[in-house]
Amino acid sequence: MSHLTPGVVDVMQCTGADGGSCQDRGAGHALHALQERVTAATPSKWRDGFISHVSAGGWIGVDLLETGETAWLWNHADLTASVTLGQPVAVHALYHALAVGRDRINVLVASLD
């Protein structure tokens with residue numbers, strides 16, 4: 001991603017980069033229990049879309065149905081085995097989370113195209 005918002009590169013530093021368990025609770029790292037609860041409590045804030053891009057570097061593109069924009073998300077893990085192109089997902093508009101089926105993934109929302 002060449003159009004990252006200020007501070008994004010700092011947020012992307014992960015304590016689990018050496019293969020250990022990530023202890024960071026920031027956007028794009030481990031999902032906090034409170035984050036899971038607030039996303040469940042605000043169902044009207046989910047934005048439906050389809051996976052349009054996924055890379056081993058953690059980048060995920062989601063084409064949003066309502067606006068036609070692409071939401072560029074990042075997670076510290078390689079999600080290529082968890083999400084596939086064309087798969088329906090939802091992005092939470094307030095609490096930086098991605099819903100893949102019943103799973104919730106903490107993501108950094110880097111930009112909207």
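Every read-out reported here was derived from the displayed coordinates using simple, explicitly stated rules and does not represent laboratory data. These figures come from a predicted structure and were not determined experimentally.
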Contour minus Cα-Cα span, Thr84 to Phe50, at 0.36 nm per residue, comes to 11.3 nm
Counting only residues 5 or more apart in sequence or on a different chain, those whose built amide H sits under 5 Å from that of Val89 are Gly49, Phe50, Ile51
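Take the alpha-carbon positions of segment 44-113, form their convex hull, and give its projected area averaged over all directions (one quarter of the hull surface) in nm².
The directionally averaged projection comes out at 4.1 nm².
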Residue separation between Ser111 and Arg37 times 0.36 nm, minus their alpha-carbon distance, gives in nm 24.2 nm
